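I'd like to ask some things about the structure below.
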Amino acid sequence: LVKSKQEKLDDLNSTVAKKKSKYENAERGALAFCKGERFEVKDSEVKLDKKMQQITKKIEKEAKRLEKSNEDPALLLAMAKSKVERAATAVAARKNSIKIVKTRIRSLKNASKQRMSKWRHFREHVQRITSDYFNYYLTQRNHSGNVHFDDDNGEINFTWSKTADDNSNPEEGKFTDTRQLSGGEKSFTTLAFLLSIGKVIECPFRVMDEFDVFMDDGNRKTAMKLLLEMARDKSNDKSQFIFITPNDISMIHDSDDVKKLKMMPLEKDYGRARQTTLNFPR
């Protein structure tokens with residue numbers, strides 16, 4: 001009995017050794033096929049066998065198709081490799097194009113940031129010059145003031161003082177609402193602002209209509225003096241100025257660079273105003 005049991009045990013050990021050897025051979029073959037890389041398998045053995053059968057059938061079907069078409073498998077393989085190489089070359093070219101475009105986008109963004117920074121500095125410079133000239137023109141009537149540009153809200157605010165000496169009492173006589181000014185003061189302040197803006201804006205023609213309507217004689221005299229000084233400034237030698245006023249301009253004399261033109265009074269023709277024209281010298 002012991003001899004019989006020993007024989008059965010030997011047979012089982014032999015079977016186990018054969019299956020182990022077969023498993024090891026299969027494992028070595030799989031690793032060789034996968035180039036030494038192991039993959040995690042989640043499917044059961046039954047599912048794997050079914051997939052293997054499906055793949056085998058596809059391979060056999062494709063082999064039969066190739067036999068019937070009389071095409072050389074080596075040639076087909078070479079064509080497939082060539083197609084893959086062309087696709088890889090196209091992908092590499094596209095990646096290189098994308099890299100170039102990204103580089104250009106970064107350059108444009110950097111250039112845009114630099115331009116915006118320079119533009120902000122230029123805007124601050126223009127605003128500072130405008131405010132300085134605004135104060136300068138106001139000092140011609142012994143006033144003072146400044147212009148504040150609110151870039152966030154798109155507004156312009158003024159500070160106006162009756163005295164040009166702000167050191168005596170900074171808050172005395174200062175106004176921030178133009179409605180607190182008289183008609184003449186408001187007109188002269190508006191003119192001072194237009195003149196200061198004109199210092200930073202180039203324009204071939206500048207026209208002012210009825211700019212002195214609410215000014216008294218003192219403000220009008222100073223305003224006309226400032227306008228002529230601005231028009232005769234070398235920075236405006238390429239600009240032409242036209243000033244229109246219903247008031248007397250006898251204090252202004254004709255010269256090589258100043259021409260006075262006066263419209264004729266309106267004439268009535270059957271109750272309607274007849275058009276008159278300026279008599280320009282030829």
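Once every DSSP H run of n ≥ 4 in the chain is given -39500 (n - 2.57) and the sum is divided by its residues, what mean residue ellipticity at 222 nm do you get, rounded to the nearest 500 deg cm²/dmol? Numbers along the way, then the final one.
Details: 5 runs with 156 residues, N = 282.
That comes out to -20000 deg cm²/dmol.
Express the carbon and sulfur contribution to the solvent-accessible surface of the chain as a percent, rounded to the nearest whole number, probe 1.4 angstrom. Provide the component values of the computation, followed by the final result.
Working: 12840 of 23510 Å².
Here it works out to 55 percent.
Something else: Work from the charge dipole of the chain (Cβ charges, +1 for Lys and Arg, -1 for Asp and Glu, about the Cα centre) and give the residue of M224, T15, S196 farthest towards its positive end.
T15
What is the sum of charges, Lys and Arg at +1 and Asp and Glu at -1, for the other residues whose Cβ falls under 14 Å from the Cβ of K57? Let's see the in-between values first.
Working: positive: K50, K51, K58, K61, K64, R65; negative: D49, E60, E62.
Charge balance near K57 sits at +3.
For L9, L226, what's the largest-to-smallest order of accessible area, 1.4 Å probe? Working shown, then result.
Numbers: L9 85, L226 5 Å².
Correct descending sequence by accessible area is L9, L226.
Calculate the all-directions average of the projected area of segment 1-73's alpha-carbon convex hull, and give it in nm². Before the final figure, lay out each step's value.
Working: hull surface 34.6 nm².
Average projection, Cα convex hull of segment 1-73: 8.6 nm².
Further question on the same structure: Within segment 1-59, report the GluC sites (Glu not before Pro) that DSSP leaves as loop and that have at most 14 other Cβ atoms within 10 Å. Before the final figure, lay out the partial values.
Numbers: sites: E7, E24, E27, E37, E40, E45; in loops: E37, E40.
In loop regions of segment 1-59 (DSSP not H, G, I, E or B), the sparsely surrounded GluC sites (Glu not before Pro) are E37, E40.
In degrees, nearest 10, range 0 to 90: what is the angle between the Cα axis of helix 45-69 and the longest Cα principal axis of the chain?
Helix 45-69 sits roughly 90 degrees off the main axis of the chain.
Under a plain spin-label model, where a point goes 7 Å from the Cα along Cα-to-Cβ, how far apart in nm are N96 and K238?
Spacing of the two 7 Å Cα→Cβ label points: 4.8 nm.
Let me ask another. For helix 2-33, what angle does its Cα long axis make with the longest principal axis of the chain, in degrees from 0 to 90 and rounded to 10?
40
Let me ask something else about it. What is the dipole size for segment 20-97, taken about its Cα centre, with +1 at each Lys and Arg Cβ and -1 at each Asp and Glu Cβ, in debye to the nearest 20?
Working: 20 positive and 13 negative charges, 53 e Å.
Roughly 260 debye, rounded to the nearest 20.
Right, next: Give the accessible surface of segment 1-156 per residue, rounded to a whole number of Å², with probe radius 1.4 Å and ligands, DNA and RNA excluded. Kindly include the intermediate steps, with their values, before the conclusion.
On the way: 14180 Å² over 156 residues.
Each residue of segment 1-156 exposes 91 Å² on average to a 1.4 Å probe.
Roll a 1.4 Å probe over the protein heavy atoms and report the accessible area of R206 in Å², nearest 10.
The value for R206 is about 40 Å².
Let me ask something else about it. So if I place +1 on the C-beta of Lys and Arg and -1 on the C-beta of Asp and Glu, and nothing else carries charge, what would the dipole magnitude of the chain be about its Cα centre? I want it in debye, nearest 20. Before the final figure, lay out the partial values.
Numbers: 56 positive and 43 negative charges, 646 e Å.
The dipole of the chain has a size of about 3100 debye.
Which value, in Å² rounded to 10, gives the accessible area of H148 with a 1.4 Å probe and all protein chains present?
Per-residue accessible area (H148): approximately 100 Å².
Let me ask something else. Equivalent ellipsoid semi-axes for the chain, as square roots of 5 times the alpha carbon gyration tensor eigenvalues: give them largest first, rounded to whole Å. Write out the running numbers ahead of the final one.
Details: eigenvalues 2050, 181, 64 Å².
Three semi-axes, in Å: 101, 30, 18.
OK, next. Relative to the longest principal axis of the C-alpha atoms of the chain, give the angle of the C-alpha long axis of helix 217-232, reported between 0 and 90° and rounded to the nearest 10°.
50
Also: Between segment 1-57 and segment 124-156, how far is it from one alpha carbon centroid to the other, in angstrom?
93
The values are calculated or read from the model by the stated rules, or taken from the named source; none is laboratory data. This is a predicted model, so every value here is computed, not measured. Here the Cβ is made from the backbone with ideal geometry for all residues, glycine too, and neighbour counts use every protein chain on show. Calculation scope for accessible area: heavy atoms of the full protein, side chains included, ligands and nucleic acids excluded. Shrake-Rupley method; radii C 1.70, N 1.55, O 1.52, S 1.80 Å.
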